[in-house]
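Heads up: the structure comes next, in structure tokens.
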Amino acid sequence: MAGPPQKKQKREEKQKDGELPQKKYYRQRAHANPFSDHDLKYPESPAAMDWAQHYPAFAEPQSANSDAIATPRAMTKQVQVADIGCGFGGLLFALAPRMPETLILGLEIRTSVTEYVQEKAKALRVQHSVAGADESASKAVVAQHENATANPQHGLYQNVSCLRANTMKFLPNFFHKHQLSKIFLCFPDPHFKARKHKARIVSLTLASEYAYVLQPQGRVYTITDVEDLHHWMVGHFAAHPSFERVAKEEEEGEKEDECVSVMRTETEEGKKVERNKGKKFVAVFTRIEDPEWP
């Protein structure tokens, strides 16, 4: 009988602490049907989500009297940034040292790709760990990125994680109302055929869900190399009463928002478009404050 595929064998081989996973062993087809039953696990509500397993450095110590199984450990911070369809995590790992005290989460439906991002996050945490280091060593690690302002006790990349999820179905199960400050939709599946448009990650219904989890003045960042999809996303967000488009100079990275320039250059798809000398279409929308009830 033939053994398991080589890729799976390589993934299951014990890696040394701090050794980065090799992407070639985690390749998976680019498309996944969001309407299929993927045997996903998700919390019944945001309060039931155990974030401590994803961000242990930001978790409160477990109380001796608490039920560790029934009650998730309290967190010192909440997840504020979500990259929906994060792929191999290029954007996540670029943002993490720039926003070291902000919890950043990648959401990905593909199993092997999710596992790759999780393993890479673990390896980077080991590589940049400052646990037990003296003060000078801690400062040296934190200073590895010119914009890093992390608390030395945390270390870099403690603020980034990934989980397998279908956000078209379960986004409100993970996040409280107005919890997030940023949502990224980077090079989503264009679903070119008209009958497949219902599977696109942007619709009026999904825009309402993004509005629910985004705090006022929070932002949705979109980028694609497919002009038709760009117009589709712009049209649906512009038609939603909870969103308005930001100024053009911010979308082009000419003003304060560093996230735009990072989104343009750090994702795997963005780099591929750059190599192929293709165009990138960017649109950024701000979450409008809800009007007061009469």
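Identify all residues within the stretch 96-117 that are buried (at least 24 other Cβ atoms within 10 Å of the Cβ) and either in contact with a helix residue (DSSP H, G or I) (Cβ under 6 Å, 6 or more places away or on another chain) or in a helix (DSSP H, G or I) (or both); write none if there are none. Those that are buried (at least 24 other Cβ atoms within 10 Å of the Cβ) and either in contact with a helix residue (DSSP H, G or I) (Cβ under 6 Å, 6 or more places away or on another chain) or in a helix (DSSP H, G or I) (or both): 104, 106, 108, 113, 116, 117. Screening the stretch 73-84 for residues that are surrounded by fewer than 21 Cβ atoms within 10 Å (Cβ to Cβ) and touching a residue at least 24 places away in the same chain (Cβ under 8 Å) and picking the one that is farthest from the chain's Cα centre (by Cα) gives 75.
If we scan the stretch 157-172, do we find a residue that is assigned to a helix (DSSP H, G or I), crowded, with 17+ Cβ neighbours inside 10 Å and among the aromatic types (Phe, Trp, Tyr)?
no
Within the stretch 240-279, being basic (Lys, Arg) and part of a strand (DSSP E or B) holds for one residue alone: 245. Would you confirm whether any residue within the stretch 176-195 is of a type outside the set (D, E, K, R) and part of a helix (DSSP H, G or I)? Looking for residues that are of a type outside the set (D, E, K, R) and part of a helix (DSSP H, G or I), one finds at least one in the stretch 176-195, hence yes.
Conditions tested, residue by residue: (1) at pLDDT 95 or above; (2) in contact with a Cys (Cβ under 6 Å, 6 or more places away or on another chain); (3) surrounded by fewer than 18 Cβ atoms within 10 Å (Cβ to Cβ).
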{"site": "196", "(1), (2), (3)": "no, no, yes"}
{"site": "202", "(1), (2), (3)": "yes, no, no"}
{"site": "206", "(1), (2), (3)": "yes, no, no"}
{"site": "213", "(1), (2), (3)": "yes, no, no"}
{"site": "217", "(1), (2), (3)": "yes, no, yes"}
{"site": "222", "(1), (2), (3)": "yes, no, no"}
{"site": "228", "(1), (2), (3)": "yes, no, yes"}
{"site": "238", "(1), (2), (3)": "yes, no, yes"}
{"site": "241", "(1), (2), (3)": "yes, no, yes"}
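The values are calculated or read from the model by the stated rules, or taken from the named source; none is laboratory data. Quick caveat: nothing in here was measured; it's all calculated off a predicted structure. All Cβ positions, glycine included, derive from the backbone under ideal geometry; neighbour counts span all protein chains shown.
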